[in-house]
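For reference, the structure discussed in these notes is given below.
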Amino acid sequence: ETAAEASRKAAYFDTPDAATSTSDVTFQSMNLSRPLLKALANLGFEKPTPIQAAAIPVALLGKDVVGGAVTGSGKTAAFVIPILERLLFRDRGKAAATTRVVILCPTRELAVQCHAVATRIGSFTDVRFSLVVGGLSLKGQEAELRTRPDVVIATPGRLIDHLRNSPSFSLDMLDVLIMDEADRMLEEGFAAELGEIISACPKQRQTMLFSATMTDSVDELIRMGLNKPVRLFVDPRKS
Ligand code: ADP
Ligand code: MG
């Protein structure tokens with residue numbers, strides 16, 4: 001990289017070299033709950049990837065997170081693990097049953113993949129996940145949303161359909177909003193939908209945004225949707 005790139009990165013990210021300082025972190029040393037450690041072992045995840053090592057401890061503190069890391073760096077588990085850890089200790093009373101977490105993905109295919117990984121990491125918990133994407137029946141999804149899944153994994157367009165048209169679905173009690181592949185969501189033309197979804201969320205919430213690239217429009221989305229985020233960057237060449 002050029003000196004100019006290096007200094008821009010150093011100014012932008014809180015941990016310009018997260019990857020170099022996290023090599024001895026383990027999932028055990030993060031004090032994760034047993035059902036999660038068991039699922040991670042079953043998945044063959046022996047130790048956290050650099051973005052996981054950097055993001056999970058910060059996310060567990062409830063802070064907003066911006067994660068910059070390329071495709072294949074393990075971003076899904078970086079946000080799914082802290083979400084599940086938080087939901088394990090939620091109020092399980094019937095009255096408390098409502099959607100607590102929304103994960104937004106740019107395409108149906110990526111949402112399906114995210115749902116599969118999240119379900120596997122949560123397989124020893126009672127957390128319920130729901131997939132809300134185009135191509136599936138709106139009626140069927142509405143019926144599923146009425147059962148108040150804890151985590152909704154959605155494309156922005158389809159989530160908006162339900163926000164506008166499914167009377168029993170709201171984000172009023174949301175705890176965590178995740179925007180995965182934010183640069184791609186903006187490329188797919190979802191800027192207005194993202195703004196509408198953010199406005200429908202409570203102000204008091206945790207928000208995490210992950211993106212392979214940090215463009216001006218991603219910056220704008222961060223300013224709109226996140227509150228004093230910790231910015232984490234992982235250099236792919238050190239992963
Ligand atoms: P990204 O979203 O950054 O593109 P993914 O979350 O899809 O990356 O993960 C990429 C691949 O790495 C997946 O096949 C996933 O199962 C695997 N993976 C993720 N975390 C770990 C880990 N800690 N150990 C081993 N493999 C992992
Ligand atoms: Mg991903």
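The values are calculated or read from the model by the stated rules, or taken from the named source; none is laboratory data. In this text, all values refer to a predicted model and were calculated from it rather than measured experimentally. Virtual Cβ from ideal backbone geometry, glycine too; neighbours counted across all protein chains shown. Heavy atoms of the whole protein, side chains included, go into the accessibility calculation; ligands, DNA and RNA do not. Shrake-Rupley method; radii C 1.70, N 1.55, O 1.52, S 1.80 Å.
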Tell me the accessible surface of LYS47 in square angstrom (1.4 angstrom probe, heavy atoms of protein chains only), to the nearest ten. 110 Å²
Take the Cα pairs of segment 15-148, get the Kirkwood Rh, then feed it into Stokes-Einstein at 37 °C and 0.692 mPa s and tell me D in µm²/s. 204 µm²/s
Mean separation of Cα contacts under 8 Å (at least 6 apart) over the residue count of segment 67-211, i.e. the relative contact order in percent, is 32 percent
Surface accessible to a 1.4 Å probe, PHE89 within the full protein complex, Å²: 150 Å²
Starting from 0.36 nm per residue, how many nanometres of slack lie between SER170 and ASN42 once their C-alpha separation is accounted for? 42.7 nm
Please list PHE233, PHE45 from largest to smallest accessible area, probe radius 1.4 Å, with all protein chains kept in place. PHE45, PHE233
Expressed as a whole percentage, what fraction of the accessible surface of the chain belongs to carbon and sulfur atoms when a 1.4 Å probe is rolled over the protein heavy atoms? 52 percent
What is the magnitude of the charge dipole of the chain about its Cα centre, with +1 placed on the Cβ of each Lys and Arg, -1 on the Cβ of each Asp and Glu, and no other charges, expressed in debye to the nearest 20? 840 debye
Once every DSSP H run of n ≥ 4 in the chain is given -39500 (n - 2.57) and the sum is divided by its residues, what mean residue ellipticity at 222 nm do you get, rounded to the nearest 500 deg cm²/dmol? -13000 deg cm²/dmol
Heads up, I need the accessible area for LEU138: 1.4 angstrom probe, whole protein in place, Å², nearest 10. 80 Å²
Per-residue accessible area, 1.4 Å probe, largest first, puts LYS75, LYS38, LYS203, LYS139 in the order LYS203, LYS139, LYS38, LYS75
Taking the solvent-accessible surface of protein heavy atoms with a 1.4 Å probe, what is the per residue accessible area of the chain in Å²? 47 Å²
Taking only the C-alpha atoms, wrap a convex hull around the chain and report its volume per residue in Å³ as a whole number. 119 Å³
Along each principal axis of its Cα atoms, how long is segment 68-124 end to end? Whole angstroms, biggest number first, please. 39, 22, 20
